[in-house]
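Heads up, the thing below is written out as structure tokens.
The values are calculated or read from the model by the stated rules, or taken from the named source; none is laboratory data. What you see is a predicted model, and the numbers here were worked out from it, not measured in a lab. Cβ: placed from backbone, ideal geometry, glycine included. Neighbour counts: every protein chain shown.
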Amino acid sequence: QSALTQPASVSGSPGQSITISCTGTSSDVGGYNYVSWYQQHPGKAPKLMIYDVSNRPSGVPDRFSGSKSGNTASLTISGLQAEDEADYYCSSYTSSSTPWVFGGGTKLTVL
Amino acid sequence: EVQLVESGGGLVQPGGSLKLSCAASGFTFSGSAMHWVRQASGKGLEWVGRIRSNANSYATGYAASVKGRFTISRDDSKNTAFLQMNSLKTEDTAVYYCTRLGVGATNFQHWGQGTLVTVSS
């Protein structure tokens, strides 16, 4: 069982918006603004999409945005495109003995 | 451009050992902490451990699931990090990624392509 809780799957049609949630505790998501999101296509390495809750690395489209409220972080993808279909993982720094935790992943299907 | 290239994966029997390598380029390796993250087939990501730089005394840290069995080391003269895995269990079967933190050291910005470790009899 992963430390952070994500929905197993979400779906949307091209052009629509979707939101993926990531729920943790006050020891991780709620305690630090160090939530990041990763996109992973089949057979590929994860790619950083959002860091520090809401910052985008260079080259990531502004269709991707992040936010946080309490112990839950969210990734929103607007204007869905076919190439957005992938698995998405959240991660957070944590005060526990294991400094980094991940969510179980969410499979995004673009209908 | 940052590049991380893992090697050394393969098939090993339960109880056996394997050593993975991560060859780095495109950044000042000696000044960077290096992390390992793994992913079992069809499963999520799991942080395995990290080694800090010489300036931070090469301090290591490990996930509880591998502590005492896995050891991370590095050779700054060769820009290479290593993951020595001993007493391997079937549940260690996974793709192992070498990673480097990004801006603010709060995220995993750089990833290798991964190397598959299969523990099976």
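Points worth noting:
- Considering residues of the stretch A:28-53 that are surrounded by fewer than 16 Cβ atoms within 10 Å (Cβ to Cβ) and of a type in the set (Gly, Ala, Ser) only, the residue nearest to B:Gln109 (Cα to Cα): A:Gly43
- Residues (aliphatic (A, V, I, L, M) and either modelled with pLDDT under 95 or surrounded by fewer than 21 Cβ atoms within 10 Å (Cβ to Cβ) (or both)) located in the stretch A:7-27: A:Ala8, A:Val10, A:Ile18
- Per the listing A:Ser65, A:Ser92, A:Ser69, the residue uniquely modelled with pLDDT of 95 or more and closer than 25 Å to B:Val95 by Cα is A:Ser92.
- Scanning the stretch A:47-91 for residues that are part of a strand (DSSP E or B), within 13 Å of chain B (Cβ to nearest Cβ) and aliphatic (A, V, I, L, M) turns up A:Leu48, A:Met49, A:Ile50, A:Ala73.
- The one condition in (1) touching a residue at least 60 places away in the same chain (Cβ under 8 Å); (2) under 12 Å from the mean Cα position of the chain (by Cα) that B:Val48 fails to fulfil: (1)
- Residue within the stretch B:31-43 that is among the aliphatic types (A, V, I, L, M) and surrounded by 22 or more Cβ atoms within 10 Å (Cβ to Cβ) present: yes
- Residue count for the stretch B:26-45 under the criterion of being away from chain A (no Cβ under 12 Å), touching a residue at least 60 places away in the same chain (Cβ under 8 Å) and not aromatic (Phe, Trp, Tyr): the result is 2.
- Within the set B:Thr71, B:Thr118, B:Thr99, the sole residue that is part of a strand (DSSP E or B), touching a strand residue (DSSP E or B) at 6+ places or on another chain (Cβ under 7 Å) and within 14 Å of chain A (Cβ to nearest Cβ) turns out to be B:Thr99.
- Filtering B:Gln109, B:Gln113 for residues that are within 13 Å of another protein chain (Cβ to nearest Cβ) and assigned to a loop (DSSP other than H, G, I, E, B) leaves a single hit, B:Gln113.
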